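Single-structure report; data block below.
What follows draws every value from the coordinates through simple rules; no lab data is involved. It should be emphasised that the depicted structure is a prediction, and the values quoted were computed from it without experimental measurement. Because the Cβ atoms are built from the backbone with ideal geometry, glycine has one as well, and the counts that use them run over all protein chains shown.
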Amino acid sequence: MSKIRRLPEHLVNRIAAGEVVERPASALKELVENAIDAGATRVLVAIEDGGLGRIEVTDDGCGMSPEEMALALERHATSKLPDEAIEQVATLGFRGEALPSIASVARLTLESRPHGSEQGWRRVVDHGAVVADEPAALPPGTRVRMEELFGKVPARRKFLRTARSEYAACNEVVRRLAMARPDIAFTFEHGGRRIFSVQGGEGTEARVAQIVARELKENGVAIEFERDELRLSGIAGLPTYNRGVADHQYLFVNGRPVKDRLLTGAVRGAYADMLARDRHAVLALFLDLPPEEVDVNVHPAKTEVRFRDSAGIRGFIVSGLRQALATGDRRSAQAPDAAAMGRWQAEPTTPAPALRSLFTGRDLTAPSSSFSAPSSVAESPAMFSTPAAVLDAPQGRAEPAEPIAEEEADYPLGIARGQVAGTYIVAESAEGLILVDQHAAHERIVLERLRAAGVGDKVAASQALLMPEVVELDEAACDRIEDCAEDLAQLGLAVERFGPAAMLVRAMPASLKKANPAKLLADIADDIAANGGALLLGERIEHVLATMACHGSVRAGRVLSVAEMNALLREMETTPRSGQCNHGRPTWVRLSLADVEKLFGRH
C-alpha cells in the first residue's frame, strides 16, 4: 500500500484548476466577476479563437497595488470576505483559487493600477512560474490576459471543444453577467469583431431586451413582486412569445447568474396553462433574498444554489410570475408573422396557409390541442353568455356589414363580420382587422371560468348524471384519479372507485356537462402521471383544469352565427389572459389598416 504524502504546490493548483477552470468560459466568468466585484463601471472583454487563444478582461475598477497583486495570485487569498461569516457573502465570488488556478494551467498576465497611483504594475505567471514582475503603463483599473490555456496540460486540452463551441459558451457567460448588472457598461469582442456593446445606467428591462431580443420589450411584461424579505423583478415574455428550447431563460439569485432546477421548475409551473409542453418561455428573473436564506457555495463555479425554504421560494416565484402575466391579460401577438404576410401578397387567391401561419402553424386538419374530444360531443351555444333569442339566429349566415357605431368603437376586439373555414372569426375594429381563433379563444374562457368557480373554499357547480357512468381505466390510472378525488369534487367532477380497474362518474362540472366522461378521465389520469409527482397540489389542479377546459371548448370547424361570434368577442374582452390559449398560441391577431393597405399596394 502506498504511503500518504503531501502533493507539490503546482499539482495542488492544477487540481484546484480542474474545479474552477473547466473550459475558457469558466475562466472568463471568474475574471469578469472579479472586475464587477472591483467596482468597475466599464468592462471590456476581448477573446480570440473562442477563448482558446486569448481571453482579455479590462476594467476601470479599484485596481491593486504590487503587493496586493502578489497576494491575489496565492491560493485562498481574497478581499471579498471581510470576516469569517461565509454565509453573508455579498459579492459574486469569494473563492481564492480562481487567479492562481488559472495561472497554473495557462499564461496569465495581470496588470493593475489603483486610482490615485501614478504607476501601474505587471505580473506574469506562465503555468505556475513567475516570469515577469515589473512596472507597467495603463489607466487606473485592472487588465487580465489569459493565453495558452492547458498549453502544458495536453490531457486537459484535448477535451476542449471546437473554437465555435467555446465561443458560444463565452458569449453566454458575458451576456448573463451583462444582464445581471445594467449599471455597468459592457463591450464584448471576438477576433477583433465587436459582438455587442451596452451602455451603463440602463434599466433592467431595456438591458435584457437589448441583449436577448429587442422584440421582447414589446412582447413582455415587467415583474415587480415582493413578499416580506423576498423580491422578484425582471421581464417575462408573453406566452405567445415563446421558443422551442429553453435557452432564453435567464435566472439570477442576488445578482448571480445561476442554472437551478427549482427555479426552472417554478417557471414551468407559472406558465403551465399558457404554454404547450414543447414550448418554453422567454424571460429574465432576478430573485433577491437575505444571503443567509441561500447557499451559493454548493458548486465550485457557483452556478447552482440551495435554498433554505425551497417550497416557499417556488411558490413565491410562481405567484410573482402569474401576477405579472395577468397584467398582460388580453395582449396577444404584437404583429402578424412577416412570412405569413408575404404569402398573402404572393398568393392572394389562396390565403388559407398564410392565415394559419398567423396563429403559429395551426393546421385546420387537426385539433388545436393535444386533448381531442370525440366528434359526438355536442357543443351547446349556451356556452356563450347571450340571450336565447339571439342564439336561435341562423348559423353561418353572413349578415350585411354595418358601419361601426360610435358606442361599438370602444370594443377592443371589434364587431364580428364573418367566419373563415369554420375556425377563424373575422372582426372589424376602429384600428383594423381582427382575426380570432375560435377554439383557442373559447378554451381560455372555459379555463378561466373553471378556475374562478373553484376559487378558495367554493365548490364549482356540477351537473349530476342521470345514470352514473362507469369508466374503465388501468389500475394505476384509477389510483391516480382516486388520490385526487376530493380535489376533483371541488372542481365539480364527482368520481369514486368502482372496482380495481374502473371509476364511477356521478357528476360533471356544469361547464362540461356535454363532455365525454371516459375521455376526460383518461386525459386527467395521463396529465397527473406526467406532472403530478413533481408538482405542488395547486399546480396539479391547474393541469387538470386545462384538460377540462379543452373538453369544454367549442371546436374548430363549428359554424357560429354572427351573434355568437360577437358574444365570444365580448367575453374575451373581459376574460383574464384571453390573448393566448392554454398552450401558448395567440387567440387573436390584429392586421392594422396600414397592413391591409399594403396587401393591396395602396402604400
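Taking 7 Å along the Cα-to-C-beta vector as the label spot, tell me the PHE159-SER310 distance in nanometres, rounded to one decimal.
2.7 nm
In sequence order, what are the phi-derived ³J(HN,Hα) couplings for segment 191-205 according to the Karplus relation 6.51 cos²θ - 1.76 cosθ + 1.60 with θ = phi - 60°, rounded to whole Hz, with x for glycine and proline?
Values, residue by residue: x, x, 9, 6, 8, 7, 9, 10, 8, x, x, 7, x, 4, 4 Hz.
Apply the Karplus curve 6.51 cos²θ - 1.76 cosθ + 1.60, θ = phi - 60°, to the phi angles in segment 272-287 and return the couplings in whole Hz, x for Gly and Pro.
Karplus values, whole Hz, x for Gly and Pro: 3, 9, 10, 9, 5, 5, 9, 10, 9, 6, 10, 6, 9, 10, 10, 9.
Which of the peptides 215-221, 282-288, 191-197 is most tightly packed, and how do the rest follow, going by the mean number of other Cβ atoms within 10 Å of each residue? If you can, show how the numbers build up before the last one.
Details: 215-221: 18.9, 282-288: 23.3, 191-197: 11.7.
So the order, starting with the most tightly packed, is 282-288, 215-221, 191-197.
With respect to the cross-link table entries LYS29/LYS158; LYS259/LYS519; LYS3/LYS29, which display a Cα-Cα separation exceeding 27 Å? Intermediate values should be presented prior to the final figure.
Details: LYS29/LYS158 21 Å; LYS259/LYS519 38 Å; LYS3/LYS29 38 Å.
Table pairs above 27 Å Cα-Cα are LYS259/LYS519; LYS3/LYS29.
Sorting check: for 465-477, 48-60, 496-508, 98-110, which peptide has the highest mean count of neighbouring beta carbons within 10 Å, and how do the rest follow? If you can, show how the numbers build up before the last one.
Working: 465-477: 14.0, 48-60: 21.2, 496-508: 16.1, 98-110: 24.8.
In decreasing order of mean packing, 465-477, 48-60, 496-508, 98-110 become 98-110, 48-60, 496-508, 465-477.
Measure off 7 Å from each Cα along the Cα-to-Cβ vector at ALA206 and LYS152, then give the distance between these two points in nanometres to one decimal.
Going from the ALA206 label point to the LYS152 one covers 4.8 nm.
Tell me the net charge near ALA485. Cut-off is 9 Å between Cβ atoms, ALA485 excluded, with +1 for each Lys or Arg and -1 for each Asp or Glu. Show your work: numbers first, answer last.
Details: positive: ARG497; negative: GLU482, ASP483, GLU486, ASP487, GLU496.
Local net charge: -4.
Given a Förster radius of 60 Å and the C-beta distance between GLU597 and GLU118 as r, what FRET efficiency does 1/(1 + (r/R0)^6) yield to the nearest 0.05? Don't skip to the answer; put the middle values down first.
Numbers: r = 67 Å, r/R0 = 1.12.
Plugging the Cβ-Cβ distance into 1/(1 + (r/R0)^6) gives 0.35.
Taking amide H positions as placed in the peptide plane 1.01 Å from N, state which residues far from HIS583 in sequence (5 or more) or on other chains have amide H under 5 Å from it.
The list, which skips near neighbours in sequence, is empty: none.
For LYS3, LYS519, LYS29, which order do you get if you count the other beta carbons within 10 Å of each Cβ and list the fewest first? Before the final figure, lay out each step's value.
Numbers: LYS3 4, LYS519 17, LYS29 26.
If I rank by nearby Cβ atoms, fewest first, I get LYS3, LYS519, LYS29.
Collect residues whose amide H, placed 1.01 Å from N in the peptide plane, falls under 5 Å from the amide H of ALA136; neighbours closer than 5 in sequence don't count.
Long-range HN contacts for ALA136: GLY120, TRP121, ARG122.
Hey, rough spin-label estimate for ARG261 and ARG570, points 7 angstrom out along Cα→Cβ, what's it come to in nanometres?
5.1 nm
Amide H to amide H, which residues 5 or more places from TYR250 or on other chains are under 5 Å from it, using H placed in the peptide plane?
Amide H neighbours of TYR250: LEU283, ALA284, LEU285.
What does the charge count near ASP49 come to, summing +1 for each Lys or Arg and -1 for each Asp or Glu among other residues with Cβ under 15 Å from its Cβ?
Value of the local net charge: +2.
Return the sequence-ordered ³J(HN,Hα) values of segment 414-423 in whole Hz as given by the Karplus equation 6.51 cos²θ - 1.76 cosθ + 1.60 applied to θ = phi - 60°, using x for Gly and Pro.
Result, rounded to whole Hz: x, 10, 5, 10, x, 9, 10, 6, x, 9.
Would you please classify the overall shape of segment 94-202 from the alpha carbon gyration tensor, given that a ≥ b ≥ c denote the square roots of the eigenvalues, rounded means a/c under 1.5, and beyond that prolate means a/b larger than b/c while oblate covers the rest? Write out the running numbers ahead of the final one.
Working: a/c = 2.00, a/b = 1.03, b/c = 1.94.
Cα axes put segment 94-202 in the oblate bin.
Within the set of other residues whose C-beta is less than 12 Å from the C-beta of GLY234, count the net charge using Lys and Arg as +1 and Asp and Glu as -1. Mind dumping the intermediate values first?
Numbers: positive: ARG207, ARG231; negative: GLU205, GLU224, ASP288.
Net charge in that neighbourhood comes out at -1.
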